[in-house]
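One structure below.
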Amino acid sequence: KVYKETSKILLETKNKDIKVLMIANPANTNCMLLIESLKGSVAPENLTCLTRLDHNRSKFMIAKKLGVPNHHVRKIIVWGNHSSTMYPDIRFAEFKTKNGWEKVTSVIKDEAWIRDIFVPTIRTRVSAIISARGKSSSLSAASAAIDHLRNWLVGTEPEDWVSMGVYTDPIYDAIPKGVVFGQPCTAINGNFKVVEGLKIDDFTRKMMQTSANELIAEKKSVIS
């Protein structure tokens, strides 16, 4: 009912170029429901969900580990659902040095730190904040929403991408059709494009599939 009413309001604006950012959790599934309730009256690419908060946290944690400014890290990816199944991927990440940009993994080689500290910290950050403060990090989410909209509407930095929850025909085989999935995107003037051609190793594919399965289960639970 909520999404029927919301889609009606969006249609009443008679603006097919309207941009919608879904923040309320479960953000990915909420965004999917709104897209499908609109039945193509508003293009699916005009609705996205917030993955940027997880992206920003990943970027900050890597920058801190390297001892560099936050803006000296680029090409972080957060795949999947905004939940404990998301997968922060640093295989393509780079950081700025006096000699230019270098791969993050050329310095952070500790697989145990990545697997046992970095990934779980990003995945559980929301629940950790709620446990500590009794409420979510609304200011961080608001800042991430601003970042998301700025890059979506104005553009991403050259040689960089950002993580966005998007509803697209799958480019990567671990991503199913019909869900909103966190993926690396570039954007300019309100149009985003999923980054193509990234090599997905077996472990990353497994992590993506776990998150995809969760999104499929969420979709079935709300549609059935």
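The values are calculated or read from the model by the stated rules, or taken from the named source; none is laboratory data. Just so it is clear, the model here is predicted, and its values are computed rather than measured. When we count neighbours, we look across all protein chains shown, and the Cβ atoms used for this are built from the backbone with ideal geometry, even at glycine.
Quick notes on this one:
- Region 136-185, subset modelled with pLDDT under 95 and of a type in the set (S, T, Y), residue nearest to D54 (Cα to Cα): S140
Quick grid of which residues meet (1) of a type in the set (G, A, S); (2) assigned by the TED database to the domain that holds W161:
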{"position": "K4", "(1), (2)": "no, no"}
{"position": "D17", "(1), (2)": "no, no"}
{"position": "A24", "(1), (2)": "yes, no"}
{"position": "M32", "(1), (2)": "no, no"}
{"position": "L38", "(1), (2)": "no, no"}
{"position": "E45", "(1), (2)": "no, no"}
{"position": "V68", "(1), (2)": "no, yes"}
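- Residue check, K59 crowded, with 23+ Cβ neighbours inside 10 Å and over 20 Å from K220 (Cβ atoms): yes
- Residue pairs whose Cβ atoms lie under 9 Å apart, separated by 6 or more positions or on different chains, with the first residue in region 94-117 and touching a residue at least 24 places away in the same chain (Cβ under 8 Å) and in the same structural domain as I77 (by the TED database) and the second of a type in the set (D, E) and surrounded by 12 or more Cβ atoms within 10 Å (Cβ to Cβ), are F95/E102; K96/E102; W101/E94; V104/E94.
- Matching entry among R57, R91, R74 (being among the basic types (K, R) and in contact with an Asp or Glu (Cβ under 7 Å, 6 or more places away or on another chain)): R74
- Flag if K39 is farther than 19 Å from S163 by Cβ, of a type in the set (K, R) and at pLDDT below 95: yes
- Residue, surrounded by the fewest Cβ atoms within 10 Å (Cβ to Cβ), within region 174-197, restricted to residues that are free of Cβ contacts under 8 Å to residues at least 12 places away in the same chain and outside any strand (DSSP E or B): G197
- Residues of region 4-23 classified as modelled with pLDDT of 90 or more and either of a type in the set (F, W, Y) or out of contact with any Cys (no Cβ under 6 Å at 6 or more places or on another chain) (or both), total: 5
- Just so you know, in region 88-135 the residues that are under 18 Å from the mean Cα position of the chain (by Cα) and among the hydroxyl-bearing types (S, T, Y) include one that is modelled with the lowest pLDDT, and it is S127.
- Residue among E45, E36, E12 that is more than 22 Å from Q183 (Cβ to Cβ), over 13 Å from the mean Cα position of the chain (by Cα) and among the acidic types (D, E): E12
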